[in-house]
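Note sheet for the following structure.
The values are calculated or read from the model by the stated rules, or taken from the named source; none is laboratory data. A quick note: this is a predicted structure, and the numbers were derived from the prediction, not measured. Glycine also receives a Cβ, built like all others from the backbone with ideal geometry; neighbour counts cover every protein chain displayed.
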Amino acid sequence: MKKAFFLFLIGFFFISCNNKEELDLEIINNIVFVSKSKDSSRNNIITYKLTNKSNKTYCFLPLENSRLIYKIKCLKLDNSGFVFVNEKDTIKRDVRFINFSDSSFQNKLFEIMDEKSKKLGYKLNGYTKDNIDKNKFFIHPKETIYFEKLVSLPIPDRFSSKLMFRIDRKYMMSVFVYSDSTKSKDFLSRPDFKTITENGYEIYHGVIKSKNKVPIKFID
């Protein structure tokens, strides 16, 4: 019995290693710029690529409130997260919630999304469905897909969130992408679910961190 359990652990270890090596995430930028001023930001176009080395097709389903990433200190944008680390700590993005109750335009937009989702026969609210439709993606065997995000740093306190740096410290930035297969049938559209099941695709579950980090440079 002990021998069988030991062999199971070895098998599980190799499966885990193979899964990690199947997908490769790399930042293409060599450096990221941050304004020294606390009242202004420097724009960066962050480019990165994900390569599928396996023979499987994966669907990435980045659920907004996934438990996979809720403890990660990061700047989250769409289907990715940006992590900033110095020699002492990982800095956290401080988020403040905005009250849209006075925004008639915003409320109307959410109402239109909800109505469309209901007409299509989905239980999801319109905002959640629209967010999933925009941020999910497929990656096929031996395929490389590219991403780019506009990241303006620092994020001053006057915005809905804050991400500040100390110019006397050195920082590095890494990127991650993630996918949560938990209750995926509840979040996928009917066409996406049929595409995945009938073609033998897999919904990836986990967080993939970039194999490299890039330095932060402070500029005037």
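Report whether or not ILE145 is surrounded by fewer than 18 Cβ atoms within 10 Å (Cβ to Cβ), among the β-branched types (Val, Ile, Thr) and within 20 Å of the chain's Cα centre (by Cα).
When the stated conditions are applied, ILE145 passes them.
Can you tell which of ASP24, ASP94 is of a type in the set (Asp, Glu), within 20 Å of the chain's Cα centre (by Cα) and modelled with pLDDT under 90? Walk me through how you get there before you give the answer.
Values: ASP24 fails: modelled with pLDDT under 90.
When all the criteria are applied, what remains is ASP94.
What strands (runs of 3 or more DSSP E), lying completely within segment 139-220, carry at least 3 residues that are farther than 22 Å from ILE72 by Cβ, free of Cβ contacts under 8 Å to residues at least 60 places away in the same chain and touching a Lys or Arg at 6+ places or on another chain (Cβ under 9 Å)?
none
Name the pairs whose Cβ atoms lie under 8 Å apart, with the first residue in segment 47-76 and surrounded by fewer than 16 Cβ atoms within 10 Å (Cβ to Cβ), the second hydrophobic (A, V, I, L, M, F, W, C) and not in a strand (DSSP E or B), and 6 or more positions between them or separate chains?
THR47/ILE28; LYS49/ILE28; LYS73/ILE91
Read through the list (1) modelled with pLDDT of 85 or more; (2) out of contact with any His (no Cβ under 9 Å at 6 or more places or on another chain), then give the number of the only condition that LEU68 fails.
(2)
Of the numbered conditions (1) aromatic (Phe, Trp, Tyr); (2) at pLDDT 70 or above; (3) in a loop (DSSP other than H, G, I, E, B), TYR122 fails exactly one; give the number of that condition.
Tallying (1) aromatic (Phe, Trp, Tyr); (2) at pLDDT 70 or above; (3) in a loop (DSSP other than H, G, I, E, B), TYR122 fails exactly one: (2).
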